[in-house]
Amino acid sequence: MIRIRQIKLSVEKDNIQELRKKICKKINILSNDIINIKISKKSLDARNKPNIYYIYEVDIDINNEDKILKKNISNNDILKTPDETYKYPTLGNIKLNNKPIIVGSGPAGLFTAYLLSELGYKPIIIERGESVESRVKTVEHFWNTGNLNTNSNVQFGEGGAGTFSDGKLNTLVKDKYYRMKKVFEIFVSCGASPDILYTHNPHIGTDVLREVVKNMRNKIIKMGGTFLYNTCLTNLIIEDNKIKGIEINNKDIIYTDIVVLAIGHSARDTFLMLQNNNITLEPKPFAIGLRVQHSQELININQYGNNYDKNLPTASYKLTYRTKEGRGVYSFCMCPGGYVVNASSEKGRLAINGMSYHNRGSINANSAIVVTVNPEDYGNNPLDGMNYQRQLEEKAYNLGNGKIPIQLLKDFHNNVETKELGSIKPILKGNYKLSNLNAILPEYIVSSLKEAFPNFDNKIKGFNQDDTILAGIESRTSSPIRIPRDEYLESTNIKGLYPCGEGAGYSGGITTSAMDGLKVAEAIITKYYY
C-alpha cells in the first residue's frame, strides 16, 4: 500500500468522490488505478477562517505501486505504508498456579483483562460497583434524588469514571508499539464508530461507550474471563513480600499469584488499605478548579467564524496559561455540547465532572478550568493529596447543601453570591444551588483562576463574559498518589502486585489507561503462562 499525506478538502466537498479526485491529482494517476482507499488520519484545519479544510492522510491499494513510489521518491507526502500492526507478546516460562485477578473494570482493568483473555489466562475481574446496565440506573437515580450509592456511582462501576464523560480518546503519548491502534480496534470491534481509527481527537460519547463496555465484557467472558460485581477489594494477602491472595468484602479470600491494581483515581479506601499494608506510595501533582459553561454557539463561532458550515463537528477548545506566580492554569476534559454532572462518590463530599453524548447535542459547552497543585501545597505524606481533595469536597457539599454550587463569572470575580442567572442556562445532571464559589477554594487557586479568565478571553472572545456559569468543585482530575513500579511493572516492594492505570498514577484518561492496561498485561504474559 501507498500512504499519501496532506490531502486537503474543503468542508463543502468532504466526500469520498472528491477525496478520490484529489488522490489522483496528487500522484498523477487515473481513478481506475485505485483498488482501495483506507483513511489513516483526518483532521480539521480552521486556522484561516472562513476557509476551513479537512486534511487527510490515506493508504491506497494501487496498480503499479513500485512505479508510483519510484516516480515520487522525492515527495515526502508519498511513501510506502509502514507496518503499524500491534505485536502480541511471547508467553513466559513460569507456570501460574491461580488465575490472575484484576481489581477494577475501568479502561485499564478491561484492557488488561481483554489481552490476558485473548491469550488464555482466564482472569477474574472484581468490581466494587455494578454492571454498566445497573450502574446507569443507579447514577440516574442519584442525579434525580441525591441518594448516593458509594460503591456504584459516576466514579465506581463497570467502565470506570470515563463511562460518564465525553468518551474522549485523544492522547499525546508516543505509540511506537501501536497499543493505541490496538485499543481503538478493540473499541470498534465492540461497537464504537470506525471513524475513531482515523479522526483527530476522536470521542465515543457516554451513550455509545456504555454499549461498548457491555460488549467488551461479553467478549472477555466468551474468552474465559470472569466478572464479579459488588465485590470490593478489602485486603491483600501477602507472604514474604509476595502476593498470595486477596480479601473481598471483608470476608472472603481468593488465592492468586497476580493482582492488577486498576482501581481508578477515587478509590480512597483502597489507598488507605494499601498504606496499611506498607505498599510503597508517593504523593503526586494533580489539579483543582471549577467547571465553566458557555453556550456551544459561542464556541462554534469563535472556532469556525460567524457563518460556519453547520455540518462541521461541534467545536472544542484547549487553553493554557501561566500565572505571574508561575502556576499553570488549563482547560481539562472539555465537553462540547455537554453536561456538568454531579460525580460524587463519598457521602458529605461533592465533586463534579463533564459528560457528552455521542451527538454532543447540548446547547452548552463545558470544561474544567483547573490550577496545578503540588505536594508542597498540601503535604508530602502519600495520602495528604487525597485528604486535601476531601477537605475541599466537603466545603463544596456544605456550600450547596448537597447540590452542585454554581455562580456567575462576574460574581466570582467580585466575590459575591449569585442571586440570579443570566442568558446562559445551566445544563447539569443533578440539582444545583446559587452560591459563592470563592468560599470553597484556597486563595492561590482563586487568584490563579481570576488571572487566567481574561487571558482566555483573548483567545476565545466571550470566554470571560459576565453571565458565564461556573460550578464546583473539579477535584478528580487525576490520582493524588502514585504506586511506584519496577522495570517489570510490579510494585517496587511487593511481587505479583501490578499497579495499573490512572489510580496508580500512570495514565490520564480513557486511552492512556487502556494502553497502560495492555502494557501491564504484556508484562504478565512475557513472564508467566497459564
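The values are calculated or read from the model by the stated rules, or taken from the named source; none is laboratory data. Note that the coordinates shown come from a computational prediction; the quantities given were computed from them, not determined experimentally. Every residue, glycine as well, gets a Cβ built from its backbone with ideal geometry; the counts of neighbours run over all protein chains shown. In case anyone asks, the SASA skips ligands and DNA or RNA and just uses the protein heavy atoms, side chains included. Shrake-Rupley method; radii C 1.70, N 1.55, O 1.52, S 1.80 Å.
Odds and ends about this structure:
- Residue match in the range 190-208 (condition: of a type in the set (S, T, N, Q), within 21 Å of LYS41 (Cβ to Cβ) and outside any loop (DSSP other than H, G, I, E, B)): yes
Conditions tested, residue by residue: (1) in contact with a helix residue (DSSP H, G or I) (Cβ under 6 Å, 6 or more places away or on another chain); (2) buried (at least 19 other Cβ atoms within 10 Å of the Cβ); (3) without any contact (Cβ under 8 Å) to a residue 60 or more places away in the chain.
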| residue | (1), (2), (3) |
| --- | --- |
| LEU148 | yes, yes, no |
| GLY157 | yes, yes, yes |
| PHE164 | yes, yes, no |
| VAL173 | yes, no, no |
| VAL183 | yes, yes, no |
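- Residue in the range 312-327 that is surrounded by fewer than 19 Cβ atoms within 10 Å (Cβ to Cβ), within 23 Å of THR163 (Cα to Cα), within 22 Å of the chain's Cα centre (by Cα) and not hydroxyl-bearing (Ser, Thr, Tyr) present: yes
Let's see how each residue does on (1) of a type in the set (Lys, Arg); (2) at pLDDT 95 or above:
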{"position": "ARG3", "(1), (2)": "yes, yes"}
{"position": "LYS25", "(1), (2)": "yes, no"}
{"position": "ASP33", "(1), (2)": "no, no"}
{"position": "SER43", "(1), (2)": "no, yes"}
{"position": "GLU57", "(1), (2)": "no, yes"}
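- Just so you know, in the range 492-522 the residues that are touching a Lys or Arg at 6+ places or on another chain (Cβ under 6 Å) and not hydrophobic (A, V, I, L, M, F, W, C) include one that is surrounded by the fewest Cβ atoms within 10 Å (Cβ to Cβ), and it is LYS495.
Okay, residues lined up against (1) surrounded by fewer than 16 Cβ atoms within 10 Å (Cβ to Cβ); (2) under 20 Å from PHE286 (Cβ atoms):
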residue	(1), (2)
ILE424	no, no
LYS461	yes, no
SER475	no, yes
PRO480	no, yes
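- Scan of the range 273-286 for residues that are surrounded by 20 or more Cβ atoms within 10 Å (Cβ to Cβ) and closer than 21 Å to ALA452 by Cα, ordered by number: PHE286
- Any pair with Cβ under 8 angstrom, 6 or more apart, that starts in the range 467-481 at a residue that is in contact (Cβ under 8 Å) with a residue 24 or more places away in the chain and farther than 17 Å from LEU383 by Cβ and ends at one that is polar (S, T, N, Q) and open to solvent by 10 Å² or more (accessible area, probe 1.4 Å): ASP467/SER423; GLU474/ASN353
- Some residue of the range 399-418 being surrounded by fewer than 22 Cβ atoms within 10 Å (Cβ to Cβ), within 18 Å of the chain's Cα centre (by Cα), closer than 30 Å to HIS141 by Cβ and touching a residue at least 24 places away in the same chain (Cβ under 8 Å): no
- Filter result for the condition that a residue is within 27 Å of GLY264 (Cβ to Cβ) and of a type outside the set (D, E, K, R), over SER447, SER478: SER478
- Those strands (runs of 3 or more DSSP E) lying entirely in the range 317-397 with at least 2 residues of a type in the set (Val, Ile, Thr) and closer than 30 Å to GLU297 by Cα: 339-342, 364-373
- Residue within the range 202-216 that is small (Gly, Ala, Ser), within 29 Å of ASN381 (Cα to Cα) and open to solvent by less than 10 Å² (accessible area, probe 1.4 Å) present: no
- Among residues of the range 268-309, those that are closer than 30 Å to GLU443 by Cβ and assigned to a loop (DSSP other than H, G, I, E, B), counted: 3
- Strands (runs of 3 or more DSSP E) contained entirely in the range 32-134, each with at least 3 residues that are open to solvent by 40 Å² or more (accessible area, probe 1.4 Å): 34-48, 51-62
- SER435 under 25 Å from the mean Cα position of the chain (by Cα) and open to solvent by less than 30 Å² (accessible area, probe 1.4 Å): no
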